[in-house]
Every structure is written in C-alpha cells, then in structure tokens.
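Novice: Pasting in a structure now, in structure tokens, and then I'll have a few things to ask.
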Amino acid sequence: MSIGAEKILRGQIIEHLKGIVSASGTVTREQLWDFDLDGTTHRLIDRSRGIRNPRDMQATLSIMSAPDGPYTDQDLDGSLFAYAYREGTVDGDNAKLRRAYELELPIILLRRLSPGVYVPICPVYVVEDDTEKRQFLIALDADLLNIAQPSSPTPLERKYVSQITKRRLHQPEFRARVLLAYKSRCAVCRLDHGRLLDAAHIIPDPDEDGTPTVDNGLSLCKIHHGAYDTALLGIDPNFRIHISPQLLGSNESPVIEYGFQQLNGGEIALPTRTADRPDTDRLSVRFERFQEAC
Ligand SMILES: [Zn+2]
C-alpha cells in the first residue's frame, strides 16, 4: 500500500472508530477484531500482543496500554505520554512503531478499561524515539506535534500538555466508565441514546474533590447535564430529583412539563455496583449549592 493510500485508510478507520465511541464511550475487542469499513474487515487489535502491526501497512496501527498494565507507560502531569518498547530488542515489534514516527502517521492508542473493553484515543502520533530509555513519546493531539523537544517541554508547553492529557485521555476514560456504570442511560430521564449522554461531575473538576472517578460522576443527557450545571436541577443525597422553582412555574413546552416538572421528587437511576454509586457526601455539597442558587 502506498503511503498516500495508507494515510487515507487510517483517517477513515479513525473517523469510523470515533463514531462508535461517541455512542458508547468504549469499544469491545470483538468490534476491534472485526472492524468493518465499507464491506472490508480490518483488524485493529492483535490477537495476543499489545501492538497491531498489519502486514499490509508500513507502520503500526494501534498500541495498547492499561493504567495498571505490565508496561511502564505513563501519563505524568505535563509530560508526553510514554510508551515503553516492547520486550526484546530495540527492533522487532518496535520497528514498525518507529516507522510511524518517521512517516508521521496517525495511530490509535487503546486504553484498556476492563478485559475486552477499551477506550480508543485517536489520532495520536509518535514524536520521539528514546533508545536510551527504551520508550516512544506519544503526542495525544496533533497540536502537540510542534513541540521542539518532546522529552523536555518548556514550562508553558508542560501546562498545555497537561490540558491536552486531561481532555484527550482522562475525560474520555471518565465518560466511558460512567456510561458503563449507568448502562448508557440518563440517570434522571432514562434516555438511552449514547450520543446524547455526558458524564457529569458532581463536584466540578477544578475542585480538589472533583476527581474523574465514577462515584463523582452521573450519566446525564445533554439537557439534564446543562440543567444540573446551571442549578435548574438538583439531586439530593437520598438520590431524589429537585427541579428549580424557575421551571416549576412555567409551562412553556413539553420538555419543561415531561422533562422536568413530572420528574420532580423522583429518584435517579443508580448503577448496579454499590462502589459505582454517587458519593453521598459529594451529592450533599453539590445539593447545598443548588439550594443556595434557587
Ligand atoms: Zn435526561
């Protein structure tokens, strides 16, 4: 395959993959193994290894990492994502990843959430091959391709890298975990269209307690997320829904009537696993803010 054709194919695969993830937050091993694009099957994952080097492509297509995996990949604050060489020589499996670096080809980073379930981060790019530390540095966004020295970013660049890591790695993983816990439904109205669902923070993330953990999250549709963030809707520590008096008085549209007024006093849908349920202390803090705003 020519480089031009390979670039186009990678772009198509990545766009199609993003479409799947916008609906469900995650992709399964089966979906990656039997990835259908216009009637042709592509393998986006290797049968047994954490790197996919298709025979008909010049470079690596996907790499896998898990926050608790055996490789020393890491996403340190302000540093670029490091992906350790595969075991063995500096070549072997690593040679095709080095080709992705040389040819500046976009690749897919598969973050493993649980066995057979992944959050794909793409496109990402290899921006440095560090033979001494036996690792590649990965830019999680094309905006980071212009850093002159990827292994030692300037203080300003570090700040930017941190923002990108949060937006491109931590937020998609948070959304994926929350959607899985709530079975891709809005906790307030039970809407189950993944493309309309967000993972809302109970305590917002600039706060110290605003961690991207499932017990600080709620699966909410876009409307109820917006209402929760603007104090038009509150959830008390007993998981009860409260609608702001501003919306209880008016009767402007069916959305107000069915999407808000009739839900007042009802209970949110909860994850099956107790550990995934919203932390009641955080709900309490957030509910006080709602009451103050009313
Ligand atoms: Zn909803």
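Novice: Taking square-rooted eigenvalues a ≥ b ≥ c of the alpha carbon gyration tensor, is the chain rounded, prolate or oblate, where a/c under 1.5 means rounded and, failing that, a/b exceeding b/c means prolate?
Specialist: Verdict is prolate for the chain.
Novice: For the chain, modelled as a GNM with alpha-carbon contacts under 10 angstrom, which of G25, G39, G50 fluctuates the most?
Specialist: Of the options given, G39 has the highest mean-square fluctuation.
Novice: Here's a follow-up. With a 10 Å cut-off between alpha carbons and a GNM built on the chain, which of D141, D130, D198 moves the most?
Specialist: Maximum among the listed residues: D130.
Novice: Oh, and also: I'd like the antiparallel share, as a percent to the nearest 5, of DSSP beta bridges with both residues in region 3-177.
Specialist: Close to 85 percent.
Novice: Obtain the nm distance between the two label points defined at S114 and E102 by a simple spin-label model: each point lies 7 Å from its Cα along the Cα-to-C-beta direction.
Specialist: That separation, rounded to one decimal, is 4.2 nm.
Novice: Expressed as a whole percentage, what fraction of the accessible surface of region 184-293 belongs to carbon and sulfur atoms when a 1.4 Å probe is rolled over the protein heavy atoms?
Specialist: Its accessible area is 49 percent carbon and sulfur atoms.
Novice: Label 7 Å along Cα→Cβ of D209; region 265-294 residues with amide nitrogen under 14 Å?
Specialist: Zone members listed by number: 278-290.
Novice: So, one more: With labels modelled as points extended 7 Å from the Cα through the Cβ direction, what inter-label distance (nm, one decimal) is found for R240 paired with Q149?
Specialist: According to this spin-label approximation, the distance is 6.1 nm.
Novice: Just the accessible area per residue of the chain, please: how many Å² with a 1.4 Å probe?
Specialist: Ligands and nucleic acids excluded, the figure is 50 Å² per residue.
Novice: Computed over the Cα atoms of region 251-294, what is the ratio Rg over Rh, Rh following Kirkwood?
Specialist: Numbers: Rg = 13.8 Å, Rh = 12.8 Å.
We get a ratio of 1.08 for region 251-294.
Novice: Now, a different point. Name the residues whose placed amide hydrogens come within less than 5 Å of the amide hydrogen of L113, ignoring near sequence neighbours (fewer than 5 apart) on the same chain.
Specialist: Answer set, sorted by chain and number: Y118, V119.
Novice: Please compute the length gained on full extension between L196 and A66, using 0.36 nm multiplied by the number of residues separating them and subtracting their Cα-Cα distance.
Specialist: Net length gain for the segment: 44.1 nm.
Novice: Determine the dipole magnitude for region 184-293: charges of +1 sit on the beta-carbon of Lys and Arg, -1 on that of Asp and Glu, nothing else is charged, the reference point is the Cα centre, and the result goes in debye to the nearest 20. Could the numbers behind the result be given before it?
Specialist: On the way: 10 positive and 17 negative charges, 90 e Å.
Using only the charged Cβ atoms, the result is roughly 440 debye.
Novice: Modelling each spin label as a point 7 Å along the Cα-to-Cβ direction, I'd like the S2/A275 distance in nm, to one decimal.
Specialist: So the two model labels end up 5.3 nm from each other.
Novice: Tell me what the chain gives for mean residue ellipticity at 222 nm when only DSSP H runs of n ≥ 4 count, each as -39,500 (n - 2.57), the sum divided by the residue total, rounded to 500 deg cm²/dmol.
Specialist: -9500 deg cm²/dmol
Novice: Put +1 on the Cβ of every Lys and Arg and -1 on every Asp and Glu Cβ in the chain; which of S22, L61, P278 then has its Cα farthest towards the positive end of the dipole?
Specialist: So the residue furthest toward the plus end is L61.
Novice: Could you tell me the center-to-center distance, by alpha carbons, between region 246-294 and region 114-171 in angstrom?
Specialist: Their Cα centres are 37 Å away from one another.
Novice: Can you compute 3J(HN,Hα) from phi for each residue in region 14-29, using the Karplus curve 6.51 cos²θ - 1.76 cosθ + 1.60 with θ = phi - 60°, rounded to whole Hz and x for Gly and Pro?
Specialist: Here the 3J(HN,Hα) series is 5, 4, 5, 5, 4, x, 5, 5, 5, 7, 10, x, 9, 9, 8, 4 Hz.
Novice: Starting from the Cα gyration tensor of region 1-158, take the square roots of the eigenvalues, sort them a ≥ b ≥ c, and report rounded, prolate or oblate (rounded when a/c is under 1.5, otherwise prolate if a/b is larger than b/c, else oblate).
Specialist: Rounded, since a/c falls under 1.5.
Novice: Shifting gears a bit: Taking the chain as a Gaussian network, where each spring joins two C-alpha atoms under 10 Å apart, which residue of L248, L169, L218 fluctuates the most?
Specialist: Highest fluctuation of the listed residues: L248.
Novice: Going 7 Å from the Cα of V285 toward and past its Cβ, which residues in region 225-256 have a backbone nitrogen under 20 Å from where you end up?
Specialist: Residues 228-240 qualify, since their backbone N sits under 20 Å from the label point.
Novice: Also, I was wondering about something else. When a/c is below 1.5 the answer is rounded, else prolate if a/b is larger than b/c, else oblate, so apply that to region 159-294 with a ≥ b ≥ c taken from the square roots of the Cα gyration tensor eigenvalues.
Specialist: Here region 159-294 falls in the prolate category.
Novice: Determine the dipole magnitude for the chain: charges of +1 sit on the beta-carbon of Lys and Arg, -1 on that of Asp and Glu, nothing else is charged, the reference point is the Cα centre, and the result goes in debye to the nearest 20.
Specialist: Values: 35 positive and 42 negative charges, 138 e Å.
Once rounded to the nearest 20, the dipole reads 660 debye.
The values are calculated or read from the model by the stated rules, or taken from the named source; none is laboratory data. Values in this document were obtained by computation on a predicted structure and should not be read as measured data. Note: ideal-geometry Cβ built from the backbone for every residue, glycine included; neighbour counts use all protein chains shown. Ligands, DNA and RNA are stripped out before the accessible areas are found, and what is left, the full protein with its side chains, is counted by its heavy atoms. Shrake-Rupley method; radii C 1.70, N 1.55, O 1.52, S 1.80 Å.
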